[in-house]
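Coordinate-derived values only; no laboratory data. The model shown is predicted, which means the values in this text are computed figures rather than measured ones. Cβ sites come from the backbone with ideal geometry, for glycine too, and all protein chains shown count toward neighbours.
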RNA sequence: GUGGGUGUAGCUCAGCUGGUAGAGCACUGGGUUGUGGUCCCAGGUGCCGCGGGUUCAAGUCCCGUCACUCACCCCA
């Protein structure tokens, strides 16, 4: 094929899709900064050993190498592209700990790469938007509430399908498993994590075989996993299971605080619940864990996740506990864009196309565009002095709402091509209605 | 990494048991001597993913390969 084919897992948007994406990114930036989070961008590569150290071994890390490596390249020093933003951020904190002020609040919006088999909602190159707070030595629990709040506020400002933030707490479930005498709480959690995918009998079997529980223990674990509520009432139901353990009490208390703390952000587009089955795959979480489902797109899994990690970064003497949450920009947006559920009012930034009567008078048209731009109105000049019908169509195809005409180089008129209404106008004074000034992002 | 599906015009696809490639949309021109969207008329378009095999004959059957895609796994 002469024409290059798209590369699976490396999505590229149309100009319209990019307008949507940039609007989303702008919204995150504005909201995060409103809450006082500083922007950080880390390099795309990390030493391979760093990348493989934290997470699971089978992370599909892309390795970086020079095509013509020479003796100057240390064969022992390999680099890989980062597969999330938390690990590089932990490294960044350690590297700059002397210069940063703690608790350090940062947001980070960048591409990450994972060499997994692509499918809808799962890509090899994708954007994540992270907010985290990291402390020096310790980090007050109220930040667990805060990161959920700031993310919820950003998401609520976007025309996305309804989102449900599901919260759980590792201390709660681990304490519970310990309280019933489970020898390997981590194994129990791995099994419970599959509860949505496997039939109940299979989950019970796995609890008996893999997690080495007895029948009564398995029943209580399943009973815990079934608990969920939109308010703090889940706590009573946990207590009713009659398990007691100090860690359980602590986790219960924390989860109540998060659920109640975020309750104020509930709306038609955003709900919050305590879901005691949420486990999260990553093992570095130590307390609060978050997941987020998008209505109608449950098959994507979580589009926004995170949690509390008490010791992701540590230099031996000091540990830097953190809590953060990450929105999967590409995961959430790509399916919405491809289905037309999220789109922009036009495919270009241009608000006004200045028509050209003939090439000799192009300078007059250019002058109009200059005047409009000087007042912040995005304008472009028609590419050719074609028939006016064609010039209008040029604008129509792109969704440009206004076409500007000059008669005899003197009379200025601007036409709203949606209504057909055409009025005389002054390039130094005319302004489009506010909603038409820039493309808007709308639910399709 | 494992298992399935699909590759034909710019896009969505049709092409029955092998007989020499089609539709709609889009695009271009005209109807409308410069103001679009509707309507009418006309027009162009294809290494039928790639390589090999069977056959008088392959888009169609067989093998291989690549790409895309879905599910599992894992996760944003």
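Distances over 13 Å make up what percent of all Cα-Cα pairs in the stretch A:286-332? When every Cα pair of the stretch A:286-332 is considered, 62 percent fall beyond 13 Å. Against the longest alpha carbon principal axis of chain A, how many degrees, from 0 to 90 and to the nearest 10, is the axis of helix A:388-398 turned? Here the helix axis deviates by roughly 10 degrees. Counting beta carbons within 10 Å around each of A:430, A:404 and listing the fewest first gives the order A:430, A:404. Our summary of shape: the Cα atoms of the stretch A:367-413 have principal axis extents of 26, 26, 16 Å, ordered from largest down, in whole angstrom. Counting pairwise Cα distances across the stretch A:352-443, what percent come out greater than 22 angstrom? I get 19 percent for the Cα pairs in the stretch A:352-443 exceeding 22 Å. Here the residues A:92, A:290, ranked from fewest to most Cβ neighbours within 10 Å of their Cβ, fall in the order A:92, A:290. Which angle from 0 to 90°, rounded to the nearest 10, does the C-alpha axis of helix A:15-34 make with the longest principal axis of chain A? Once rounded, one gets 60 degrees. A simple packing score, the average count of other Cβ atoms within 10 Å per residue, orders the peptides A:146-154, A:382-390, A:133-141 as A:146-154, A:133-141, A:382-390, with the highest score first.
Using a simple spin-label model with pseudo-atoms 7 Å out from Cα toward Cβ, residue A:375 and residue A:25 lie 3.1 nm apart.
Straightening the chain between residue A:411 and residue A:396 buys 3.1 nm, computed as 0.36 nm per residue apart minus the Cα-Cα spacing. Mean-square fluctuations from a GNM of chain A, with a 10 angstrom spring cutoff on Cα atoms, peak among A:88, A:118, A:161 at A:118. The Cα-based radius of gyration and maximum Cα-Cα distance (Dmax) for the stretch A:204-299 are 14.9, 43 Å.
Once both labels are positioned 7 Å from their Cα atoms along Cα-to-Cβ, the gap between residue A:216 and residue A:434 label points is 6.6 nm. Footprinting exposure proxy ranking of A:102, A:327, A:10, A:126, fewest other C-beta atoms within 10 angstrom first, gives A:10, A:102, A:126, A:327. Which of these, A:429, A:38, A:355, has the largest mean-square fluctuation under a Gaussian network model of chain A (Cα springs below 10 Å)? So, out of A:429, A:38, A:355, the one fluctuating most is A:429.
Compactness check for the stretch A:303-419: Cα Rg over 2.2 N^0.38 Å is 1.82. The alpha carbon convex hull volume per residue for chain A rounds to 214 Å³. Distance between the C-alpha centres of the stretch A:342-396 and the stretch A:216-255: 63 Å, rounded to the whole angstrom.
Distance from the C-alpha centroid of the stretch A:7-34 to that of the stretch A:421-444: 23 Å, rounded to the whole angstrom. For the Cα atoms of chain A, what angle does the longest principal axis make with the long axis of helix A:246-262, in degrees from 0 to 90, nearest 10? Roughly 20 degrees between the two axes.
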